[in-house]
1. Based on this model, can you work out whether residue 130 counts as more than 16 Å from the chain's Cα centre (by Cα), farther than 24 Å from residue 12 by Cβ, among the basic types (Lys, Arg) and modelled with pLDDT under 90?
2. Just one of 103, 96, 88 is modelled with pLDDT under 90 and surrounded by 18 or more Cβ atoms within 10 Å (Cβ to Cβ); which is it?
3. Please enumerate the residues belonging to region 55-94 that are assigned to a helix (DSSP H, G or I), among the hydrophobic types (A, V, I, L, M, F, W, C) and within 21 Å of the chain's Cα centre (by Cα).
4. Scanning for something open to solvent by less than 80 Å² (accessible area, probe 1.4 Å), assigned to a helix (DSSP H, G or I) and of a type outside the set (D, E, K, R), does region 120-137 turn up at least one residue?
5. Quick one: count up the residues across region 46-63 that are aliphatic (A, V, I, L, M) and open to solvent by 60 Å² or more (accessible area, probe 1.4 Å).
6. In region 58-117, what residues are in contact with a Leu (Cβ under 8 Å, 6 or more places away or on another chain), within 20 Å of residue 26 (Cβ to Cβ) and among the polar types (S, T, N, Q)?
7. Does any residue in region 25-37 that is open to solvent by 60 Å² or more (accessible area, probe 1.4 Å) come within less than 7 Å, Cβ to Cβ, of a residue that is among the hydroxyl-bearing types (Ser, Thr, Tyr) and modelled with pLDDT under 90 six or more places away or on a different chain, and which pairs are these?
8. For residue 110, only one of the following conditions fails: (1) surrounded by 12 or more Cβ atoms within 10 Å (Cβ to Cβ); (2) within 24 Å of residue 19 (Cα to Cα). What is its number?
Amino acid sequence: MVPFRDFFGAMFFFSFGLSIDPFTLGNAFWLAIGAVILTLIGNFTAGKFAGRRAVFSHKASSNIGLTIVSRGEYSIIVAELGIAGGLAVTLKPFAALYVLILAILGPLVTKESKRIYQMLNKIFKWKPEKPKVKKETPIP
């Protein structure tokens, strides 16, 4: 059953890509850029918050936030459902651009997470974490 699921999933995304008119991408460009910026800020904030709640350092928490940049494939499915329901035709080029931009930025942000943390640390001046001293119990 799994091979059929994978095959039909691949066919769905392939047909979605073929149905995009490249000339309509310009209509959704600024909307997609805005959504990408909100996604990056939201993912970073959520990862940072979750990491700090789990008592990770600022650096580790920032890495979590920078590595969870999703690619938003689910938005393609939602866009298809929205268009089938009669919503704005701009949904399809918006979803395509959104996923494309995040697919490009995601690995780059993950790769450069150390530099991004250093830049953000200069702005926010997060306190360096004190190294934890591990107490060893004596063996009787």
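The values are calculated or read from the model by the stated rules, or taken from the named source; none is laboratory data. Everything quoted here is computed from the prediction, not taken from an experiment. Note that each Cβ is placed from the backbone with ideal geometry, even for glycine, and that neighbours are counted across all protein chains shown. To get the accessible areas, we keep the full protein, side chains included, count just its heavy atoms, and leave off ligands, DNA and RNA. Shrake-Rupley method; radii C 1.70, N 1.55, O 1.52, S 1.80 Å.
1. When the stated conditions are applied, residue 130 passes them.
2. 96
3. 60, 64, 66, 76, 77, 78, 79, 91, 94 - these are the residues of region 55-94 that are assigned to a helix (DSSP H, G or I), among the hydrophobic types (A, V, I, L, M, F, W, C) and within 21 Å of the chain's Cα centre (by Cα).
4. Within region 120-137, one or more residues are open to solvent by less than 80 Å² (accessible area, probe 1.4 Å), assigned to a helix (DSSP H, G or I) and of a type outside the set (D, E, K, R).
5. Of the residues in that region, 1 qualify.
6. Listed by number, the list holds a single entry, 90.
7. 27/90
8. Tallying (1) surrounded by 12 or more Cβ atoms within 10 Å (Cβ to Cβ); (2) within 24 Å of residue 19 (Cα to Cα), residue 110 fails exactly one: (2).
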